[in-house]
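Here is the structure we will look at.
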Amino acid sequence: DYNTLRIIYPDQMGRMWLGSYLNGISCYTESSSNFRNIELGNINTVCVDKAGKYWLGTNDAGIMCFDPVTEEKVIYDKSNSGIGSNTMVCSLSARDGSIWFGTYEGGLIHIKNGQVSNYRATGKSTDLANNNVWSLYEDQWGYIWIGTLGSGVQRLDPRTGQFGVAISTKNSILPSDYISTINRTQKGWLMVSHSFYYSLINPKTLKVINRSFADNPDNVTT
């Protein structure tokens, strides 16, 4: 048995889904006395679409769309979808019903109505900055924020396919380009974690505020 958990996801019905390294995915509900395990491989990330289907990003076999009712599976991988990597790192179920995946060395993947698009880094400022996409977040205006491993944060307008905003150590006070997660604070700022603790980014003005560990571990700035 392998006990390395890679992702924990609470769904709309109050169930907890746990993706594990080399041991598939587990589901837990308070009304159940134990876990239900579904052998689906190495799962790094999980999200749920509006139809209740589970989109599983695997460590080595691409993307799996899993229907929890029928247990039917649809696979999207390098061999049948033309995507650049079979290693998924993060995922996002967008409000428009489409699904996004960030990959290791394969760029950004978008699946909408069964159609697969793969954004790749080209070196152009108008394209994806880095093929290692570690975090995804959709803001209240429908923009997709992308945390990369090595090129900071980018913003994509999915309506136009344009990468209009990039925030990195080269053009801001952001202290690291190695982004781990992107979330939202109660005041609407983006909370971006990285190798130097975390930063706050105003999604409208793009102002960056850095937070850091205090010398005294009992007195951490927030």
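The values are calculated or read from the model by the stated rules, or taken from the named source; none is laboratory data. All figures in this text were calculated on a predicted structure; none of them were measured in a lab. Ideal geometry is used to build each Cβ from the backbone, glycine not excepted, and the neighbour counts take in all protein chains shown. Heavy atoms of the whole protein, side chains included, go into the accessibility calculation; ligands, DNA and RNA do not. Shrake-Rupley method; radii C 1.70, N 1.55, O 1.52, S 1.80 Å.
So that you can scan it fast, the table gives a plain yes or no per residue for (1) open to solvent by 20 Å² or more (accessible area, probe 1.4 Å); (2) in contact with a Ser or Thr (Cβ under 9 Å, 6 or more places away or on another chain); (3) in a loop (DSSP other than H, G, I, E, B):
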site: N44; (1), (2), (3): no, yes, no
site: L56; (1), (2), (3): no, yes, no
site: F101; (1), (2), (3): no, yes, no
site: T126; (1), (2), (3): yes, no, yes
site: Y137; (1), (2), (3): yes, yes, no
Output the strands (runs of 3 or more DSSP E) that fall wholly within region 154-195 and possess 3 or more residues being closer than 15 Å to S212 by Cα, or say none.
190-194
Are there any pairs, at least 6 apart or on different chains, whose C-beta atoms fall under 6 Å, with the first in region 186-200 and closer than 19 Å to A166 by Cβ and the second buried (at least 19 other Cβ atoms within 10 Å of the Cβ) and small (G, A, S), and if so, which?
V192/S199; H194/S176; S195/S176; F196/S176
Does region 157-181 hold any residues that are surrounded by fewer than 22 Cβ atoms within 10 Å (Cβ to Cβ) and either hydrophobic (A, V, I, L, M, F, W, C) or over 19 Å from S195 (Cβ atoms) (or both), and which are they?
D157, P158, R159, T160, G161, Q162, F163, G164, V165, A166, I173, L174
Determine the pairs where a residue that is among the aliphatic types (A, V, I, L, M), located within region 129-140, has a partner that is open to solvent by 30 Å² or more (accessible area, probe 1.4 Å) and in a strand (DSSP E or B) with Cβ atoms under 9 Å apart, the partner being 6 or more residues away or on another chain.
A129/A121; A129/A166; V133/V89; V133/Y119; V133/L149
